[in-house]
Every structure is written in C-alpha cells, then in structure tokens.
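Contents: one structure, followed by commentary.
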Amino acid sequence: MSLIQYYGTGKRKTSIARVFLRTGKGDFTLFVNKRPRVFDDYFRMETHRIKIKQPLALTSTEDKFDIFMRVEGGGVHGQAEAVRLGITRALIEFNRELKPALKAAGLVTRDSRIKERKKYGLLGARKAPQYHKR
C-alpha cells in the first residue's frame, strides 16, 4: 500500500512550516522544533486554531485529511500563519480547482513582512540617537 500525501511549505516572519496532508479522518500531528506537541495544548488561543483550520473549513475538507506539521522558528502567531499557508498550498496540490476560492479568501498570498535589519550608527532599524545642537 502506498501512502498518498500532499505537501505544502508555509513561511511567515521567521517561522517555517512543512505540512503534509494524508488521507484520514482529520487528526493533527504537530512537531515544533523537532519535538512532538499536542495541537490544542500548543495553539492555546482559539484564534490560532481557527486560523489554521480556515483553509480546510473553506474547502469543506476538515475530515478528509490527517495533517502532519513540522514547524521551526518564530513565535506561536507566526507559526500558526505559516501552517495555514502550508495547508493552503497542500490543498492546491491536492486539487487545483480549490485555488480560486482560497485566493478569494486571501489565503494563497504569502505575507512577506519581516523584521527590518538594524543599521550602523542607529539604535535600531530606524531609531536614531537624540539630536543635540551644542
């Protein structure tokens, strides 16, 4: 028996999520920084869980797939958004006809906002030392 799975990579800020959709009944398996975690215990905020399940709810595929996630880097919020993008991309690999609905909901686009680097001579990315005239 061969394992049928669909893969999607999601990135947000410094978080990277590798998501595998496998035919099943809707179980979530989560590894954060190479350690196994319980999905509901790690993503405690309801908004994070809703955000992650949004592409599945939109395409009504919640109980068609078991979801295996490997997440590294960043914080919980960035990881949740990275997982959402990974699930979206894996669903598009599963069925190209789902893309217009996912794109209309704004789930296909990667959020490219990342932290701006600190520049020399400044205290932060843009914060400058206090100006003094004399």
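Annotations for the structure displayed:
- 3J(HN,Hα) along the stretch 94-111: 5, 8, 4, 6, 7, 4, x, 5, 5, 5, 5, 7, x, 9, 7, 6, 7, 7 Hz, from the Karplus curve 6.51 cos²θ - 1.76 cosθ + 1.60 with θ = phi - 60°, whole Hz, x for Gly and Pro.
- Debye log10 I(q)/I(0) for the stretch 5-104, one point scatterer per Cα, at q = 0.11, 0.15, 0.23 Å⁻¹: -0.27, -0.51, -1.25
- Stretch gain in nm, segment ARG117-THR14, where the contour uses 0.36 nm per residue and the Cα spacing is subtracted: 35.8 nm
- A straight Cα-to-Cα reach below 27 Å connects LYS127 with the lysines LYS13, LYS115, LYS118, LYS119, residues fewer than 8 places away in its own chain not being considered.
- Within straight-line cross-link reach of LYS99, lysines at Cα separation under 18 Å, skipping those fewer than 8 residues along the same chain: LYS51, LYS53, LYS64
- Of LEU123, LEU58, LEU85, the residue with the greatest mean-square motion in the GNM of the chain, using alpha carbon springs below 10 Å, is LEU123.
- Entry note, the stretch 8-129: relative contact order of 36 percent, from Cα contacts under 8 Å with a spacing of 6+ residues.
- FRET E, pair SER60, PHE31, Förster distance 35 Å, beta-carbon r, rounded to 0.05: 0.85
- Under a model in which nothing but the beta-carbon of Lys, Arg (+1) and Asp, Glu (-1) is charged, the stretch 5-104 shows a dipole of about 360 debye around its Cα centre.
- Choice from GLY121, GLY26, GLY106 with maximal GNM fluctuation in the chain (Cα, 10 Å cutoff): GLY121
No lab work stands behind these numbers, since they all come straight from the coordinates. Please read these numbers as outputs of a predicted model, since none were measured by experiment. A quick note on method: Cβ atoms are made from the backbone with ideal geometry, for glycine too, and the neighbour counts reach across all protein chains shown.
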